[in-house]
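K.L.:
Please read through the structure below; I'll follow up with questions.
Only the coordinates and a few stated rules stand behind these numbers; no lab work does. In this text the structure is predicted, and so the values were computed from the model without any measurement. Ideal geometry is used to build each Cβ from the backbone, glycine not excepted, and the neighbour counts take in all protein chains shown.
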Number of protein chains: 2
Amino acid sequence: MSTQPQNRYKADLRDFSFLLFEQFKLGELLQSERYSSWSEQDVKMVLSGCYEFACKVTGPLNAVGDQGCQVIDGKVKTPPGFKEAWNKLREAGWRNVGVSPEYGGQGAPAAVQVLVEELLSGSNTAFNMYPGLAYGAGEIIEHFGTPEQKQRYLPRIFSGEWGGTMCLTEPHAGTDVGAARTRATRRPDGRYNISGTKIYISGGDHDMADNIVHLVLARIEGAAPGTKGLSLFIVPKIRVNDDGSLGPFNDVVLGGIEHKMGINGSATCVLNFGENGDCIGELMGTTEHVGMAQMFQMMNGARIAVGIQGVGVASAAYLNALQYAKERKQGPSIQNWKDASAPKVAIIEHPDVRRMLLDMKARVEGIRALAVKLASHRDRFLILRGKEDEKAAYHQGQVELLTPLVKAYGSDQAFRVCETAIQTLGGAGYIKDYGIEQYCRDSKIFSIYEGTNHIQAMDLVGRKMGMQGGMHLMNLISDVGKFVATHTEHPAFSKDIQTLSRAQEAVSGAAMKFMGWFQGGRMVMVPLNANRFLEMMSELVVGWLLLEQGVIAHQALASTPQDHPDHTFYQGKMASARYYARNVLPGVHAKWELINLEDDTPLTIDDASFATV
Amino acid sequence: MSTQPQNRYKADLRDFSFLLFEQFKLGELLQSERYSSWSEQDVKMVLSGCYEFACKVTGPLNAVGDQGCQVIDGKVKTPPGFKEAWNKLREAGWRNVGVSPEYGGQGAPAAVQVLVEELLSGSNTAFNMYPGLAYGAGEIIEHFGTPEQKQRYLPRIFSGEWGGTMCLTEPHAGTDVGAARTRATRRPDGRYNISGTKIYISGGDHDMADNIVHLVLARIEGAAPGTKGLSLFIVPKIRVNDDGSLGPFNDVVLGGIEHKMGINGSATCVLNFGENGDCIGELMGTTEHVGMAQMFQMMNGARIAVGIQGVGVASAAYLNALQYAKERKQGPSIQNWKDASAPKVAIIEHPDVRRMLLDMKARVEGIRALAVKLASHRDRFLILRGKEDEKAAYHQGQVELLTPLVKAYGSDQAFRVCETAIQTLGGAGYIKDYGIEQYCRDSKIFSIYEGTNHIQAMDLVGRKMGMQGGMHLMNLISDVGKFVATHTEHPAFSKDIQTLSRAQEAVSGAAMKFMGWFQGGRMVMVPLNANRFLEMMSELVVGWLLLEQGVIAHQALASTPQDHPDHTFYQGKMASARYYARNVLPGVHAKWELINLEDDTPLTIDDASFATV
């Protein structure tokens, strides 16, 4: 219906290289033996190559994919172009950037890998679910499988010949995974008959690969109730013969696909295992009843991946809204607002539009920095473990602590950014032509799957915060404190550093409050405030990271000529830092005050008082 | 795919009667001559009758309507069942509750009318757009039309025989309505030839009525640029002969319909007027170049109606999420969280779910109270004008002041509530079966149409706040002050009344800040902070109204037996008040602190610094 600019995938690679090389010092890591085959040039080539792929192959299929999958003759048919894109992705090798060279991968640092993920998810979240889940399944087999299992499955999963899934949820077991009823029965040959129904299985069936390797949580007969009685099974859609060739169908029957708010190109399946009594699974590795722990190993990676999906979609929404704001002319400048014949200006000139744009910019860059920080800790842990164990433990502790933040704050902010992007376009944001509303619909799932954001918040306050006597949190607080102390007199940011310091005090104070609740037996106050605390802590870390970027940019500006493109880039980094510090960061202290009120009204209200219907 | 409870329209009529008769004293109004034909019993019968209609007729078509409209042979075909519902609505007469008896209506108080609107919009927003817009068009003709025009159009619009629309937006003129290019050329017979293209016309074409009366903003040849040169025309789809019979087609050609994020049952049309040079319009009334003022008369009503759409959809989302939370069993009680064999409980038992439910409850009741307060002022104005002019002016002033709040805060909170409703259901909230995600998609448009929420904020700070030397705002602040003074020692709410007082100071302080910007020539700071101020002020008013409800409920409880259903209802009202006062209201002061920082980063950042792409 319109002649306005169409949505097209975009990413700001300059921010990527800033994060990697100017803020998180990837250059130092590339000196290590582990990443010795990687140069700065290699990293940049991979990112620009993958960006080109995302713009040309996956990006143009994003709107197409929104039409959804179909079930034809009991099988999932993916949207037009998906199969070709899957094959091109295999050939291009972008899925393998982070995979160990042992399995044909490129062994890139995690910090690079997350940005590759951003490009793939940002350009087409629904499509990227298929290879993403397969990769996650492969990682679990790599960690826990027997040598035979690795050999049988990994080369073909990591190469993209086969797909893969994670099968946890059941109709009666969503967040409460331990309530799973899928059964495994020992067979004389050492394998297991699997029977049960799994729902919400992303990529549970599709037409892009010859086989799909399902990892299925099931309870072996006689095992304990709850999560402790669950074992993990490798259950291929088509059985695999000993020589690696494909055997008969393994009785994994598609029950249907869900119709959803978004990510419609990703088939969300109901799978019936052993409906005809003929579904065989192999135990993952050699130990029964450790399925939940094995799955959890993957869960951390999957949760980080969801945060990255958020970064990718939010960034794409922001950059497209920005382009629209630069091209769409509407109304006169505020200087001439009373003059009806004044020239129309691009809407980027209107103050409220600028506010929305900068708000999106700061949040997108903030959650991206959060994710890359986490990945950098992961890389340092991998380099240091077995050599400098204390330092390695510090880094791994930050990975643990930041994972729920990346997942929950990343996903919540993504939805907020997409909502703002719609508002920036106005009516054009609400209609499908511009593709902005799709970002919003796609992004809502991020706060739900791989553990709802409340589960993340409980993971933070109930597990991560208390680990090793609170060491990880203390380390983080101390890192913020060092930054504050170093830059308290900073010529450009001293006022904002004060705000950061106040936020740091608020987070420390709130953490003490939680400790008091745990120790004083007021456990019920914990879940009531967990989400708020996760948000406070995320805002503290993002505020810190953006201010660190501002400080780096401020210093770099001194040696950057005015006419160099980096000049406006660095000024933009300073603007993000300032905006976030003055419009979001003060809220950390405000939230602490709310926590201190200890309102327990949601607990004391009667069920019957919620409504008379 | 599921066996879980399906979404079904619900409303809490007890809250309606509480608002009307316990908080806003409708009983007093019914003593007046104007509403003398209405008794309390009549009001309750209308609301329960309309509720029954909403549950049986429009509610069940909500999901059906989401499939969208089709264009067949150049005409809009509405979703299955819409035409029957339109006819049933005509017969039932619910559209006429607020219409003047002169045109066959029931002349109900506005406070009753808005609740009827809530039921119709809440059960099926998309469907209710058609009669809603027709009603709005009728209101304009009632205000500004000549006697002949009223006679020709009104009986048939108000009866539902014909539809009606408002045609403002053009491809190059969205928020900047004054840029409209649609032309009107005087004809010898005193009428005008109309030519131009209008977009985003809700109900611009449909198959439910014999004719559609379009109200079209157009510029008469030679008229001034901008809004001052626009005139309003009555342009029926089918011409109307002098005897009232239908004549030939009036060259209003459907250009197409938009595909949207939501409200898919409402056809959003492109209309080409006079494509074949044969479109004739009549000037509204007898005065040229006053079209914008005439349209604005309607705009206030339309903006309030959008706020009500927000209330309706948010309430339906909340009550359905509540039902799900009562029925869905998942996980053990927090008291037994380590015991895998503990019985599963309904998720309403989980603290974070209770938090989300109470959050939705408080916000829904808050925006409903805001809307009914506005309508009550309108009713008192209508009763008092010409009798006690000073009091009447006070009430009309509050109508002016509250209109942008009802529209913008109502719509923003509605989206927030719908988002929370999705989260309450988890994965089930994201799939279409439960109908919750549709509420979220439908509600996003509320922040955009009838003037984006930033336009509302500018209307508040740029017009309403300064009217009559700031009198309306001062009156509001003074009303809050009286409430604070009266209840400062309240046995249940004294602490929360303090928070309210602090919020009142913050709003007063922020208003002074704006005045300073206006007077000091820092105009650019105004749009940058307008949305934030609108939110602060809305939270102040909602916090006040909910606390007033809490005080009323506290008093009523003293004389309500424990086993009376009102007992839990009143406790629920107290819980909403307490929750909002302790979790939302403190944010008003926090926002004032942000305003005081006077951050202007969005203005100082270079366009080029937003991104390198």
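K.L.:
Can you list the GluC sites (Glu not before Pro) in region B:496-550 that are in a DSSP coil and have 12 or fewer other beta carbons within 10 angstrom?
P.N.:
Counting only loop positions with at most 12 other Cβ atoms within 10 Å, none of the GluC sites (Glu not before Pro) in region B:496-550 qualifies.
K.L.:
Taking 51 Å as R0, compute the FRET efficiency from the Cβ-Cβ separation of residue B:333 and residue A:341 and round it to 0.05.
P.N.:
Once the sixth-power term is evaluated, E becomes 0.15.
K.L.:
Taking chain A as the reference, fit the longest principal axis to its C-alpha atoms, fit the long axis of helix A:110-123 to the helix C-alpha atoms, and give the angle between the two in degrees, 0 to 90, nearest 10.
P.N.:
90
K.L.:
Moving to a separate point now. Could you tell me how far the Cα centroid of region A:73-90 sits from the Cα centroid of region B:41-104, in Å?
P.N.:
Computed from Cα coordinates, the inter-centre distance equals 43 Å.
K.L.:
With θ set to phi - 60° and the Karplus curve 6.51 cos²θ - 1.76 cosθ + 1.60, what are the ³J(HN,Hα) couplings of region A:341-356 in order, to the nearest whole Hz, using x for Gly and Pro?
P.N.:
Using θ = phi - 60°, the values come out as 9, 5, x, 6, 10, 4, 5, 4, 6, 7, x, 5, 5, 4, 4, 5 Hz.
K.L.:
Charges at C-beta only: +1 for Lys and Arg, -1 for Asp and Glu. How large is the resulting dipole of the protein assembly as shown about its Cα centre, in Debye rounded to 20?
P.N.:
Around 300 debye, computed over the protein assembly as shown.
K.L.:
Over what distance in Å are the Cα centres of region A:403-471 and region B:443-522 separated?
P.N.:
31
K.L.:
Find, to one decimal place in angstroms, the Kirkwood hydrodynamic radius of the protein assembly as shown, where the mean of 1/r is taken over every pair of different Cα atoms and then inverted.
P.N.:
Taking every pair of different Cα atoms in the protein assembly as shown, averaging 1/r and inverting gives 31.6 Å.
K.L.:
So the label point sits 7 Å from Cα along the Cα-to-Cβ vector; using that for residue B:161, what distances do you get to the other copies, in nanometres, sorted shortest first?
P.N.:
Label-point separations across copies, in nm and ascending: 7.5.
K.L.:
What full-extension length gain, to one decimal in nm, is calculated for residue A:246 and residue A:432 as 0.36 nm per residue of separation minus the Cα-Cα distance?
P.N.:
62.7 nm
K.L.:
Go through A:126-133, B:208-215, A:555-562, B:148-155 and give me the packing order, highest mean Cβ count within 10 Å leading.
P.N.:
A:126-133, B:208-215, B:148-155, A:555-562
K.L.:
Hey, for residue A:509 with labels 7 Å out along Cα-Cβ, what do the inter-copy distances come to in nm, ordered shortest first?
P.N.:
1.6
K.L.:
Between residue A:505 and residue A:70, what length in nm is gained on full extension when 0.36 nm per residue of separation is reduced by their alpha carbon distance?
P.N.:
Taking residue A:505 through residue A:70 to full extension adds about 151.3 nm, to one decimal.
K.L.:
Using alpha-carbon pairs under 8 Å, 6+ residues apart, how would you state the relative contact order of region B:1-136 in percent?
P.N.:
Details: 114 pairs, mean separation 35.8, N = 136.
Contact order relative to length: 26 percent.
K.L.:
Please list, ordered by chain and number, the residues whose modelled amide H lies under 5 Å from the amide H of residue B:255; skip anything fewer than 5 residues away on the same chain.
P.N.:
Close amide H contacts, sequence-distant or interchain: B:270, B:271, B:272.
K.L.:
Give the average, rounded to an integer, of partner chain Cβ atoms located within 10 angstrom of each Cβ in A:442-448.
P.N.:
4
K.L.:
List the relative contact order of region A:471-613 as a percent without decimals, with contacts defined as Cα pairs under 8 Å and 6+ residues apart. Before the final figure, lay out the partial values.
P.N.:
Details: 115 pairs, mean separation 42.2, N = 143.
30 percent.
K.L.:
So, one more: Compare the Cα positions of A:13, A:68, A:128 along the charge dipole of region A:13-149 (+1 at Cβ of Lys, Arg; -1 at Cβ of Asp, Glu; about the Cα centre) and return the one farthest towards the positive end.
P.N.:
My answer, from the dipole projection, is A:68.
K.L.:
For the charge dipole of the protein assembly as shown, defined by +1 on Lys and Arg C-beta atoms and -1 on Asp and Glu C-beta atoms about the Cα centroid, which residue among A:193, A:47, B:214 has the Cα displaced farthest towards the positive pole?
P.N.:
Of the candidates, A:47 comes out farthest on the positive side.
K.L.:
Moving on. Could you calculate the FRET efficiency of residue A:25 with residue A:564 from 1/(1 + (r/R0)^6), where r is the beta carbon distance between them and R0 is 25 Å, rounded to 0.05?
P.N.:
Numbers: r = 22 Å, r/R0 = 0.89.
For residue A:25 and residue A:564, the calculated efficiency is 0.65.
K.L.:
Once both labels are modelled 7 Å past Cα along the beta-carbon direction, what's the residue B:207-residue A:52 spacing in nm?
P.N.:
5.1
K.L.:
Another one. Return one number: the angle in degrees, 0 to 90 and rounded to the nearest 10, between the long axis of the Cα atoms of helix B:494-519 and the longest principal axis of the Cα atoms of chain B.
P.N.:
Orientation of helix B:494-519: about 40 degrees from the principal axis.
K.L.:
Note the angle between two axes, namely the Cα long axis of helix B:467-487 and the longest principal axis of the Cα atoms of chain B, as a number of degrees from 0 to 90, rounded to the nearest 10.
P.N.:
20
K.L.:
Which of B:141, A:445 comes first, and how do the rest follow, when ranked by fewest Cβ neighbours within 10 Å?
P.N.:
Ordered by Cβ neighbours within 10 Å, fewest first: B:141, A:445.
K.L.:
Sort shortest first the distances from residue A:287 to its counterpart in every other copy, using label points 7 Å along the Cα-to-beta-carbon line, and give them in nm.
P.N.:
In nanometres, ordered from closest: 8.4.
K.L.:
For the peptides B:490-497, A:157-164, what is the packing order when you average, over each peptide's residues, the other Cβ atoms within 10 Å and list the highest mean first?
P.N.:
Values: B:490-497: 16.8, A:157-164: 22.9.
My ranking of the peptides, most packed first, is A:157-164, B:490-497.
K.L.:
Determine how many Å³ per residue the convex hull of the Cα atoms of region B:251-297 encloses.
P.N.:
Values: hull volume 5.7 nm³, N = 47.
In region B:251-297, the Cα convex hull volume per residue is 122 Å³.
K.L.:
For chain A, calculate the relative contact order in percent as a whole number, restricting contacts to Cα pairs under 8 Å that are 6 or more residues apart.
P.N.:
13
K.L.:
Here is a further query. Taking amide H positions as placed 1.01 Å from N in the peptide plane, with prolines and chain starts having none, which residues 5 or more places from residue A:220, or on another chain, fall under 5 Å of its amide H?
P.N.:
Here the answer is A:184, A:231, since their amide H atoms fall under 5 Å of that of residue A:220.
K.L.:
Here's a follow-up. Using Cβ counts within 10 Å as a stand-in for footprinting exposure, how do B:446, B:233 rank, fewest first?
P.N.:
Least crowded to most crowded, the residues run B:233, B:446.
K.L.:
Return a single number: how many Lys pairs in region B:346-486, at a sequence separation of 8 or more or on separate chains, have alpha-carbon atoms below 27 angstrom apart.
P.N.:
22
K.L.:
What cysteines in chain B have no other cysteine with a beta carbon less than 4.7 Å from their beta carbon?
P.N.:
Unpaired cysteines in chain B: B:50, B:55, B:69, B:167, B:269, B:279.
K.L.:
Next question, about the same structure. For region A:163-291, what class follows from the C-alpha gyration tensor (a ≥ b ≥ c being the square roots of its eigenvalues): rounded when a/c is under 1.5, otherwise prolate if a/b is larger than b/c, else oblate?
P.N.:
Verdict is oblate for region A:163-291.
K.L.:
Next question, about the same structure. How shielded is B:420-426 by partner chains, expressed as the average number of their Cβ atoms within 10 Å of its Cβ atoms? Provide the component values of the computation, followed by the final result.
P.N.:
Working: counts 0, 0, 6, 8, 1, 2, 10.
If you average over the peptide's residues, the count of other-chain Cβ atoms is 4.
K.L.:
Hey, another quick one. Could you give the nm distance between label points at residue B:40 and residue A:498, where each point is 7 Å from its Cα heading toward the beta carbon?
P.N.:
Placing both labels 7 Å beyond Cα along the Cβ direction yields 5.7 nm.
K.L.:
Now, a different point. Just rank A:517, B:337, A:86, fewest to most, by other beta-carbon atoms within 10 angstrom.
P.N.:
In order of increasing Cβ crowding within 10 Å: B:337, A:517, A:86.
K.L.:
Find, among the residues of chain B, the one whose Cβ sits nearest the axis of the rotation taking B to A; state the distance in whole Å.
P.N.:
B:590, 2
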